[in-house]
Amino acid sequence: MSSDAGTVSLVGAGPGDPDLLTVKARRRLDEADVVFHDALVTPALLETCPASTALVDVGKRPGPDGERPTQGEINRRLVRAARAGRDVVRLKGGDPYVFGRGGEEVEFLAAAGVDVEVVPGLTSAVAGPAVAGIPVTHREHASSLTVVTGHEDPTKDESALDWEALARTVSAGGTLVVLMGVGRLPANVATLREHGVAPDTPVAMVEKATWDDEYTVIGRLSTIVSRATDAGIEPPAVTVVGDVVSVRDRVIERAESAGSAEGADTQSRALVPDGGRR
Ligand code: SAH
């Protein structure tokens, strides 16, 4: 490449709140000529970019005209912009390497000889539960964390996920975090139950974590599907399955303080105060 070629920074935007950008991400955004961003990057965050920066939305939008550029097109646009001497930020929700196709883009850019770096971001898999009062590990509740995509059909033979193994992990006290899991929530919950996960296992769904309209719904494996339906949970949402969800009850100030301490049923009730928000 010629020495006046630009660079590409693959930057993690975090879950949405601009204050949760890393210092390095902030610096890259302030210095960029052009920012190619995904649909998950919030308007609040994009508004913090300098007015002179070109913002290009390459994210998927719902609706009939919601075609997004293919991954190949995005890759080629990034290369073209860098070769034209522009400093490019490729901005992705959360962390670029957690279900963000960042790996594919970096491989393509490196193969094209583009100067590329990665700026990791706060993944929603950890930050989403955290802002809702749920630590994904806890010495008394969970010693392992598994992050999966919920988008795979759990009933198809060639599923890339071993749901039996996932169920064992949860039954052994591990935390399971599911991204992209709203659509297939009923199928995934049914599969976990078929593989023996206890119906009273606590489950949380955190929708639009750190956005202005963040919303959390709490239930158990046996109730979360109806609770999510009643609450109208929509993507993006992160689902947490495991005992750590019960910690929230002691972390978040409760609307109702009545009888939270004893027994699964009482605890289940105490975990519900969010229920009235929608
Ligand atoms: N790279 C991203 C994940 C991309 S996959 C990351 O590290 O966070 C897209 C999925 O991420 C969504 O379907 C949802 O499950 C989750 N997600 C991303 N941002 C979110 C947010 N602010 N609140 C809740 N879930 C979010």
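So what's the gap between the Cα centers of the range 1-44 and the range 160-212, to the nearest angstrom? Cα centroid of the range 1-44 versus Cα centroid of the range 160-212: 31 Å apart. Skipping prolines and chain starts, which residues have an amide H placed within reach, meaning under 5 Å, of the one on S222, given they are 5 or more residues away or on another chain? Distant-sequence amide H within range of S222: T201. For a test of the definition: using alpha carbon positions, the gyration tensor, and the 1.5 limit on a/c, classify the chain as rounded, prolate or oblate. Judged from the Cα gyration tensor, the chain comes out prolate (a/c at least 1.5, a/b above b/c). Restricted to Cα atoms, the range 7-122 shows a radius of gyration and a Dmax of 13.0, 38 angstrom.
Taking the Cα centre of the range 7-122 as origin, work out the dipole magnitude from +1 charges on Lys and Arg Cβ and -1 charges on Asp and Glu Cβ, in debye rounded to 20.
200 debye
What you get for the chain, charging only the Cβ of Lys and Arg (+1) and of Asp and Glu (-1), is a dipole of about 160 debye around the Cα centre. Note on E234 and A111: with the Förster distance fixed at 41 Å, the Cβ-Cβ geometry gives a FRET efficiency of about 0.65. Considering every alpha-carbon pair of the range 101-205, the percent of pairs per 10 Å bin, from zero through the bin containing the longest distance, is 12, 39, 28, 16, 5, 0. You can think of it this way: the chain between R193 and V56 has 45.0 nm of extra reach, that is 0.36 nm per residue less the Cα-Cα gap.
The orientation-averaged projection of the convex hull spanning the C-alpha atoms of the range 125-269 amounts to 8.2 square nanometres. About its Cα centre, the range 125-269 has a charge dipole of approximately 240 debye under the convention of +1 per Lys or Arg Cβ and -1 per Asp or Glu Cβ, with nothing else charged.
Of the options A130, A5, V225, report the single residue whose Cα projects farthest towards the positive end of the charge dipole of the chain (beta-carbon charges: Lys, Arg +1; Asp, Glu -1). Farthest towards the positive end: A5.
Each reported figure results from applying straightforward, stated rules to the coordinates on display, with no laboratory input. Here the structure is a predicted model, which is why all the values come from computation and not from measurement. In this analysis, Cβ positions are derived from the backbone assuming ideal geometry, glycine residues included, and neighbour counts consider all displayed protein chains.
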